[in-house]
Each structure stands twice: as structure tokens, then as C-alpha cells.
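Asker: This structure is in C-alpha cells; I'll ask about it shortly.
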Amino acid sequence: MSGARNGDLPILPGATLGVLGGGQLGRMFVHAAQRMGYFTAVLDPDTDSPAGRVSHHHIHTDYDDVDGLARLAGLADAVTTEFENVPAPSLEHLAVARPVSPAAPAIAIAQDRIAEKAHFTRCGVPCAPYAVIETAAQLAAIDDNLLPGILKTARLGYDGKGQQRVKTRDELVDAWQAAGCVPCVLEKMLPLEFECSVILARGRDGQIVHFPPQRNLHRDGILAVTEVHAQNMPKTVAQGAINSAKSIANGLGYVGVLCVEFFALADGSLVVNEMAPRPHNSGHYTMEACDVSQFELQVRTLAGLPLAAPRQHSPAIMLNLLGDLWFPGGADNKADKPVAPRWSEVLALSGAHLHLYGKIEPRRGRKMGHLTLTGATLEAVRATASQAALLLGLPAVATADLA
């Protein structure tokens, strides 16, 4: 181990890179780092974590365990995280001894919707109209123009968790009480045309590279389909999303891979939804459709290596695979035993790339993997995606061309 300190960059292959978190994003980071010649260390309390099972080292401790953090700092030359809810003080602790990216302040902002929206505003990036609710007095003072809206808990919300739609003041009061009267944000519901995201990587020198904006479809608050090609959204919308994402990253002095999610409105404007200080589900297609993946860029930013601007060489559609697929028949199926989906038939399709995350137990609503479809033309990819969706019992892949 080279024992890199904060100024000792770049960290070259042969060193050890660490990651806090052992889920699927950590697993794909580990695979990318190992492919480039690095050793890896994962800190995660789950002995069967997807990333821990494929890493050279797996430290089984909680994220705020001082001894575990010391072991990680002793093994790794630099440390990143695979999810935003890791304790920011743990990153601060590690940063005393090792380069850490993204840094604790950026993680802390992403953990709190109130701080996050304030940051977006400072960067000049429009949000949906909103109000902060931390007290009963603030609740009573809510402007009626914010209704109907979505009440979101300020902390620990993801994949639609911690969110409630409210139409009236009475529903708002009930929803806040149901949330435990914790700090929340009420966002006005706007006429959405579609959702999109931008994934970028920013180095310590301020250089930014980015992927093409992704068009996303969510079902029940969870990403279901991502479509990436030249016709997935108007060029003005795509460029606006890229510019806004760069402003947000620069405003943070960010280092690492960052995903920024947006709502495209019916009038052609954009409002920012939230940011994820890590690789993102909507960027999984980059492993097959681009010459550099989001996970390789995560390795490069962490190690202080040059950032090559990624090039998408194939149109792509990504289908998220939840545990529901293992229980055909939907919610009416009460069977306890999961049934393997029709992988052989899916993999017989040209351009089908299956990723399963190594999770032992399929459960409804649990992210088990994803399927990326690539091809020479958009028409071919859409046809293959429709076939795959039919074989897996997923809803039809409905897309629309935009000028």
C-alpha cells in the first residue's frame, strides 16, 4: 500500500481503493476498480453485502464504528461512498488520513432536502415552488398556492420513501403528523412532461465530463426505465440540464460522480428535483453503451486520474429488475417460493446485457438487477426492449420521439 495522503495523487493501479457501503453500486465500483488493477476494501455491516462478497477486503462494522474506520484507513489509499446516507462525520474522520471523495460537506447537503434546495437556489438552478415545514407554525402558514403538493421528509428519503401527496390543508396536516412531525419540505405539484437526469464527473482540478442526459420513467417512486439516445429529449432541454448540473457541482467544489435529477415541464422549462452524490441507477447503461462507464469515472476521480470525456457509441434502454419478477402473478400471488425469471430467453435477444447484483433473497420492491439493451439503431433497441419486457412480465416500454 502506498499510504497516500490528501496531496499524494494520482493513486496508481496496484493501490487499494475503499468504499463505504456494500450494495450494488459499491459492487460495480469494486468491479471497475479491480478491472483497472486496484485492490479494494469495503466497509459494510452486512456479511453478505453484494460489494463485500467480491472485494479483496470486507470490514464488517457499522459506518460510524471508529475501529472499523481505522481499519479501512489502514487498508485503503483513498475512500469513496456508494450511497448518500453514510454518516458525514465518518467521511470527515477518514479524510484526516486519506483522500475522500465526495467530501463530507457535499454528502451532508445531499442528506437534507432543506439544505439541498438552498444549495440549488444559491447556484441559480430553479426548483419547484416549495416551503420548509419544521414547526406547527410553519405548517399553519403554508401558502394555499403550494397545494396540491408532495410532502417530503427532509432526511432519509429515497425511491419514493418519505413522500406523500396532499391535495388539501387537512391532508397536509395529517401527512405531517403521520411523518412524525419531522422536518419536511412541501413541493408544489407541477405539470410534468417527463423526468431526466444528468451524470457528471468532476475532478479535484475542477474538470467536468458528463454523459448524455438520460430520460427516465418511474413507477411507484422507483426508476423503471431509462432511455438514452439523441432523440430522447429536445436539445435545449438536454443542454439546460447539463448546464444546471455543472453549476450544482461547481457550487459544491464537488469531487466524484454526481447525478442530478430534473423535472421537464409542459412549457419546456426545467426544475431540479434532487441530487445523488454517487453513481446512479439511471447511469447503469454506461457500462455497455459508452466507452467509459460511470463507475470507471468514479475510480478516476477518487484516484486523481485524468478524466476522459465519455462517448456513447450505442443507443440504450435500461430496464430495472425488481424482486417482483421472481413472483409472477403480481400481488395476488401469495406463494413463498420465488421462481427464476426467463433469463435464457431474455439472453437470446441480441444486445441484451444482464446484471444481477448478488442479492441472495428476492423480495418485492427490492432492486435485484438491471437489463440493458443496446443495438445499432434506436428502432432495433426499442424492439428488443419490448421483447424483453414481454418475456419478463414488465409493462410495455412506451417511448416517444421528440424533436
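Asker: Determine which single condition T384 fails, assuming it passes every other condition in (1) over 28 Å from R53 (Cβ atoms); (2) open to solvent by 50 Å² or more (accessible area, probe 1.4 Å); (3) not aliphatic (A, V, I, L, M).
Answerer: Against the list (1) over 28 Å from R53 (Cβ atoms); (2) open to solvent by 50 Å² or more (accessible area, probe 1.4 Å); (3) not aliphatic (A, V, I, L, M), T384 comes up short only on (2).
Asker: Which numbered condition in (1) in contact with a helix residue (DSSP H, G or I) (Cβ under 7 Å, 6 or more places away or on another chain); (2) open to solvent by 20 Å² or more (accessible area, probe 1.4 Å); (3) aliphatic (A, V, I, L, M) is the only one that A106 fails?
Answerer: Failed condition: (2).
Asker: Within the range 340-398, how many residues turn out to be under 12 Å from L322 (Cα atoms) and among the acidic types (D, E)?
Answerer: Here the count works out to 1.
Asker: Any idea which residue in the range 181-208 is nearest to the chain's Cα centre (by Cα), counting only those that are farther than 30 Å from D143 by Cα and open to solvent by 10 Å² or more (accessible area, probe 1.4 Å)? Before the answer, list the steps.
Answerer: Let us first name the residues in the range 181-208 that are farther than 30 Å from D143 by Cα, namely 198-208.
Narrowing further to those that are open to solvent by 10 Å² or more (accessible area, probe 1.4 Å): 202, 204-208.
Details: R202: 16, R204: 21, D205: 24, G206: 22, Q207: 21, I208: 18 Å.
Result: R202.
Asker: On to the next question. Restricting to the range 108-128, count the residues that are in contact (Cβ under 8 Å) with a residue 60 or more places away in the chain and either among the hydroxyl-bearing types (S, T, Y) or in contact with a Leu (Cβ under 6 Å, 6 or more places away or on another chain) (or both).
Answerer: 1
Asker: Within the range 119-163, how many residues are open to solvent by 60 Å² or more (accessible area, probe 1.4 Å) and in a helix (DSSP H, G or I)?
Answerer: 8
Asker: While we're here: Do we find that S197 is assigned to a strand (DSSP E or B), touching a residue at least 60 places away in the same chain (Cβ under 8 Å) and polar (S, T, N, Q) in this structure? Working first, answer last.
Answerer: Working: assigned to a strand (DSSP E or B): yes; touching a residue at least 60 places away in the same chain (Cβ under 8 Å): yes; polar (S, T, N, Q): yes.
Yes.
Asker: Please go through the range 279-309 and pick out each residue that is open to solvent by 20 Å² or more (accessible area, probe 1.4 Å) and either aromatic (F, W, Y) or within 21 Å of G240 (Cα to Cα) (or both).
Answerer: Correct list: A309 only.
Asker: In this structure, does T81 turn out to be among the hydroxyl-bearing types (S, T, Y) and free of Cβ contacts under 8 Å to residues at least 12 places away in the same chain? Even if it seems obvious, please write down each step before you answer.
Answerer: Numbers: among the hydroxyl-bearing types (S, T, Y): yes; free of Cβ contacts under 8 Å to residues at least 12 places away in the same chain: no.
Spelling it out, it is not the case that T81 is among the hydroxyl-bearing types (S, T, Y) and free of Cβ contacts under 8 Å to residues at least 12 places away in the same chain.
Asker: Ok, one more. Only one of L43, L25, L69, L12 is out of contact with any Pro (no Cβ under 8 Å at 6 or more places or on another chain) and touching a residue at least 40 places away in the same chain (Cβ under 8 Å); which?
Answerer: L12
Asker: Moving on. Does the range 259-278 hold any residues that are crowded, with 23+ Cβ neighbours inside 10 Å and small (G, A, S), and which are they?
Answerer: Listed by number, the list holds a single entry, A264.
Asker: While we're looking at this one, here's another question. Restricting to the range 145-185, and then to whatever is in contact with a Ser or Thr (Cβ under 8 Å, 6 or more places away or on another chain) and free of Cβ contacts under 8 Å to residues at least 40 places away in the same chain, can you tell me which residue is nearest to R366 (Cα to Cα)?
Answerer: G162
Asker: Looking at the range 129-136, is at least one residue under 30 Å from H284 (Cα atoms) and in contact (Cβ under 8 Å) with a residue 24 or more places away in the chain? Before you say what the answer is, go through the steps one by one.
Answerer: Let us first name the residues in the range 129-136 that are under 30 Å from H284 (Cα atoms), namely none.
Checked the range 129-136: no residue is under 30 Å from H284 (Cα atoms) and in contact (Cβ under 8 Å) with a residue 24 or more places away in the chain.
Asker: Pairs please, first residue from the range 292-305 and among the acidic types (D, E), second anywhere and modelled with pLDDT of 95 or more and assigned to a helix (DSSP H, G or I), Cβ atoms under 7 Å, 6+ apart in sequence or on different chains.
Answerer: Correct list of pairs: E296/A32.
Asker: Can you name the residue in the range 235-254 that is farther than 17 Å from C127 by Cβ and small (G, A, S) and, of all such residues, is surrounded by the most Cβ atoms within 10 Å (Cβ to Cβ)?
Answerer: A238
Asker: Within the range 276-322, work out how many residues are under 27 Å from A380 (Cα atoms) and of a type in the set (G, A, S).
Answerer: 7
Asker: Being over 24 Å from the mean Cα position of the chain (by Cα) and either among the aliphatic types (A, V, I, L, M) or at pLDDT below 95 (or both) is the filter here, so list the residues in the range 160-176 that pass it. Quick ask: steps written out before the conclusion?
Answerer: The first filter runs over the range 160-176 and keeps only residues over 24 Å from the mean Cα position of the chain (by Cα), leaving 166-176.
Across the range 160-176, the qualifying residues are V166, L172, V173, A175.
Asker: Sticking with this structure for a sec: Does the range 376-392 hold any residues that are within 15 Å of V346 (Cβ to Cβ) and in contact (Cβ under 8 Å) with a residue 12 or more places away in the chain, and which are they?
Answerer: The answer is V381, T384, A385, Q387, A388, A389, L391, L392.
Asker: For the range 282-334, what are the residues that are touching a strand residue (DSSP E or B) at 6+ places or on another chain (Cβ under 9 Å) and at positive phi?
Answerer: G304
The values are calculated or read from the model by the stated rules, or taken from the named source; none is laboratory data. Since we're looking at a predicted model, the values are computed, not measured. Note: ideal-geometry Cβ built from the backbone for every residue, glycine included; neighbour counts use all protein chains shown. SASA here: full protein model, heavy atoms, side chains in, ligands and nucleic acids out. Shrake-Rupley method; radii C 1.70, N 1.55, O 1.52, S 1.80 Å.
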